[in-house]
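Visitor: Next up is a structure, given as structure tokens.
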Amino acid sequence: MLVKVRSVANVGLESFGVDVEVDVAEAGFPGLSIVGLGDKAVAEAKERVKTAILNSGLDFPPKKITVNLAPADLPKEGGSYDLPIAIGILAASGQIVNQLNSESVNQIYFGELSLDGGLRATRGVLLVGLFARKGGNVYVPIESANEAAVVDNINVYPVRNLKELVDHLNDIKEIKRLSNLEIRELVDDVSVEFDLIEVAGQELAKRALTIAAAGGHNLLMWGPPGTGKTMLARAMPGILPSLSVPEALEVTRIYSVSGMLSAGESLLRRRPFRSPHHGISPAGMVGGGSSPMPGEVSLAHLGVLFLDEMAEFPRTVLESLRQPMEDGIVGIVRATAHVSYPASFTLLAAVNPCPCGYLGHPRRACKCTDKMIRKYRARISGPILDRIDLHVQVPAVEADKLTSDQLSVNQLSSRVIREKVVLARKMQEVRFGSDGLYTNSQMHNKHVKKYCKLDGETLRILKLAVEKWDLSARAYFRLIKVARTIADLDESENIGVKHMAEALQYKQIV
Amino acid sequence: MKTENRNVGRAGESVAEEFLVRKGYETVLRNFSTRFGEIDLIMNDNGVLVFVEVKAKKGLIFGSPEEMFTRGKYDKVKRMATVYLKGRDVSCRIDMVAVVLDELNQPVSVRHYENVVM
């Protein structure tokens with residue numbers, strides 16, 4: 001008997017329908033063969049499915065069984081076909097009596113089996129839910145079911161084990177379907193690793209961090225070791241607003257295909273903060289593998305990518321950031337696949353001014369030669385520096401600031417700053433309503449011309465700066481964008497002189 | 001020594017056949033011989049053609065008879081079965097019977113494995 005079961009193949013962030021055809025033949029030597037361009041994990045489904053069926057107290061028919069995963073030319077991978085294959089075998093051998101494929105309801109089975117018949121958390125369940133849309137029934141492992149439950153208008157059945165599902169399909173004991181999870185607004189009590197209030201001094205850097213958070217600008221921090229660059233960066237997640245619902249869906253998709261959601265997790269609401277070590281390979285940074293998985297740039301999508309000791313990163317890795325920084329998307333091409341992942345992140349980088357780290361330090365002498373410093377600086381190429389909107393010095397802290405018990409003047413806690421950032425982001429949201437932008441940093445030149453009107457005096461200062469420092473056209477637009485964000489933080493409609501003057505402080509240092 | 005081994009084999013086969021017949025199988029053919037080797041028994045179990053490989057051993061000093069049935073042997077039996085079938089499409093399977101004999105070639109234990117898949 002021939003049975004067809006529907007499942008889904010995820011390639012990158014795209015999903016394709018897969019028909020799992022199962023034939024149980026009366027003649028021929030017993031055995032199970034799977035065709036349809038599966039990888040090793042799919043081939044091994046044979047053993048998992050057989051053992052799982054037997055251990056669930058069901059019969060594995062001693063017949064010649066052929067499984068076909070159609071379309072034949074789409075590569076299939078992973079353990080997610082275990083469930084549709086098992087259901088197909090049980091239906092084809094008469095152990096599931098109800099019709100699986102009524103024309104009216106689209107049913108999708110997706111999940112990896114364990115030898116005891118239980119279902120294991122499987123990656124990509126959110127994509128399955130999004131694929132099912134419009135009234136479909138989705139049978140997925142209970143641990144991953146919450147991912148799919150955020151999608152409207154589908155029925156998600158959380159399956160604990162094979163036996164339960166068979167009983168459900170045979171109308172013996174129903175599995176309760178998950179009600180649509182309300183995407184509730186996350187309460188604003190973000191627990192943070194560091195509060196900005198804990199960092200001694202560094203007012204300018206804190207301000208720059210605020211601007212970066214508010215406008216999504218890339219930020220580079222220069223400074224000697226131990227002045228708080230890393231601490232400042234780690235405080236960044238605490239001042240970022242949580243993800244809006246569409247944003248959260250975008251981010252969760254990426255984490256779902258990477259299998260990085262923990263059991264029971266549904267939608268990520270925190271902005272991602274990724275800080276890869278400088279030993280990372282280009283494939284780890286932008287994504288890769290024979291079936292390409294998202295890299296750090298995509299995992300940091302709509303969040304922060306923090307590169308500590310940026311000059312220590314291999315040149316190839318840094319240069320690979322150029323395309324995603326420009327386009328907010330990264331295309332990965334391999335022999336068998338061509339996928340693109342979103343990668344719109346805020347780059348946060350920390351770097352020492354020279355190899356020994358003490359160039360420009362008020363009390364310690366720098367031991368580096370000119371040549372060493374030049375060589376060190378050359379590790380970060382011009383085009384990368386050119387894409388960073390904010391450059392800020394994080395100098396050595398004076399001893400009295402460290403020892404004073406009282407926190408420095410107008411010291412703000414992360415919580416207060418976050419409120420300001422949220423307000424500034426709201427202004428941007430209103431402004432860019434129809435343009436598909438989220439933040440000021442994403443503005444193109446035409447948007448700058450449209451949204452950033454400068455009055456006479458402001459324009460004069462800008463011109464003066466351009467002439468004096470011989471700034472490039474890109475730097476010119478960058479300054480205006482930063483000034484726009486500063487004005488937003490000030491809740492001001494127009495960019496004033498003081499906003500532009502502040503923006504000028506964060507121009508490129510070298 | 002060789003004769004001795006052959007005797008053990010033959011004794012094992014008749015023990016296995018008797019065992020299966022008592023289980024309700026019908027003998028179709030004994031020692032079907034091809035150029036790849038022999039199928040010890042071909043039986044009929046309610047319409048399913050069963051190719052039986054018998055492994056017999058005297059004592060357990062050199063391991064159990066089950067250990068003697070390898071992937072290579074399985075493939076060989078399957079190949080011989082294909083020769084026997086000559087392309088006919090009927091339901092069939094491969095079974096294995098493990099026989100342990102004592103010094104006098106009397107059966108100590110008989111174990112029957114249905115539908116061996118390797």
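Coordinate-derived values only; no laboratory data. Note that the coordinates shown come from a computational prediction; the quantities given were computed from them, not determined experimentally. Methodologically, a virtual Cβ is constructed for each residue, glycine included, from the backbone with ideal geometry; neighbour enumeration extends over all protein chains shown.
Visitor: State the three equivalent ellipsoid semi-axes of the range A:354-510, derived from the C-alpha gyration tensor as the square roots of 5 times its eigenvalues, in descending order and whole Å.
Guide: They are 31, 23, 15 Å, listed from largest to smallest.
Visitor: Let me check the size of chain B from its C-alpha atoms; what are the radius of gyration and Dmax in Å?
Guide: 13.8, 43
Visitor: Here is a follow-up. In bins 5 Å wide, starting from 0, what share of all Cα pairs of the range A:221-280 does each bin hold, as a percent?
Guide: P(r) over the range A:221-280, rounded to whole percents: 4, 15, 18, 19, 18, 12, 8, 5, 1.
Visitor: Specify the inter-centroid distance of the range A:9-78 and the range A:257-327, based on alpha-carbon positions, in whole Å.
Guide: 34 Å
Visitor: What area, in nm² and to one decimal, does the C-alpha convex hull of the protein assembly as shown cast on average over all directions?
Guide: Averaging across all directions leaves 40.6 nm² for the Cα convex hull.
Visitor: Mind putting a number on the dipole of the protein assembly as shown about its Cα centre? Charges go on the C-beta only, +1 for Lys and Arg and -1 for Asp and Glu, and I need it in Debye to the nearest 20.
Guide: 1820 debye
Visitor: Over chain B, with a Gaussian network built from C-alpha contacts below 10 Å, which listed residue (B:Ile42, B:Ile61, B:Ile94) shows the highest mean-square fluctuation?
Guide: The residue that fluctuates most here is B:Ile61.
Visitor: What average count of beta carbons from other chains do you get within 10 Å of the Cβ of residues in A:26-38?
Guide: 3
Visitor: Something else now. Mind sorting B:Arg88, A:Arg387 by how few other Cβ atoms lie within 10 Å of their own Cβ, fewest first?
Guide: Sorted ascending by nearby Cβ count, the order is B:Arg88, A:Arg387.
Visitor: Further question on the same structure: May I ask you to list the aspartates and glutamates whose Cα is less than 20 Å away from that of B:Lys23, ignoring any residue fewer than eight positions away on the same chain?
Guide: Of all the aspartates and glutamates, those that pass the test against B:Lys23 - Cα under 20 Å, at least 8 places apart if same chain - are B:Glu13, B:Asp40, B:Asp45, B:Glu53, B:Asp95, B:Glu114.
Visitor: I've got another one for you. In a GNM of chain B with a 10 Å cut-off on Cα contacts, which of B:Val50, B:Val108, B:Val90 has the highest mean-square fluctuation?
Guide: Per the Cα network of chain B with a 10 Å cutoff, B:Val90 tops the list.
Visitor: While we're looking at this one, here's another question. What average count of beta carbons from other chains do you get within 10 Å of the Cβ of residues in A:332-344?
Guide: Partner Cβ neighbours, averaged per residue: 0.
Visitor: For B:Met68, A:Met310, what's the fewest-to-most ordering of other Cβ within 10 Å of each Cβ?
Guide: Neighbour counts put them in this order, fewest first: B:Met68, A:Met310.
Visitor: How far apart, in nm, are the 7 Å Cα→Cβ label points at A:Arg387 and A:Asp23?
Guide: That separation, rounded to one decimal, is 5.2 nm.
Visitor: Okay, next question. Hey, which of these cross-link pairs are over 31 Å Cα-Cα: A:Lys50/B:Lys2; A:Lys4/A:Lys163; A:Lys229/A:Lys446; A:Lys134/A:Lys176; A:Lys46/B:Lys86; A:Lys450/A:Lys507?
Guide: Listed pairs above 31 Å: A:Lys50/B:Lys2; A:Lys229/A:Lys446.
Visitor: Still on this structure, please answer the following. Would you mind giving the three semi-axes, in whole Å and largest first, of the ellipsoid equivalent to the range A:48-168 according to its Cα gyration tensor?
Guide: Each semi-axis is the square root of five times an eigenvalue, giving 22, 16, 15 Å.
Visitor: Run lengths n ≥ 4 of DSSP H only: what is the helix-derived mean residue ellipticity at 222 nm for the protein assembly as shown, with -39500 (n - 2.57) per run over all residues, to the nearest 500?
Guide: -10000 deg cm²/dmol
Visitor: Going by Cα centres, the range B:21-49 and the range B:88-118 are how many Å apart?
Guide: 11 Å
Visitor: Compute the distance in nm between two label points, each set 7 Å from the Cα along the Cα-to-Cβ direction, one at A:Gln505 and one at A:Asp370.
Guide: Label at A:Gln505, label at A:Asp370, 3.2 nm between them.
Visitor: According to a simple spin-label model (label point 7 Å from Cα along Cα-to-Cβ), what is the distance in nm between A:Ser262 and A:Asn153?
Guide: 3.4 nm
Visitor: Can I ask one more? Output ³J(HN,Hα) for the range A:320-331: one whole-Hz value per residue in order, computed from phi by the Karplus curve 6.51 cos²θ - 1.76 cosθ + 1.60 with θ = phi - 60°, and x for Gly and Pro.
Guide: Ordered by residue, 3J(HN,Hα) equals 5, 6, 4, 4, x, 5, 7, 9, x, 8, 10, x Hz.
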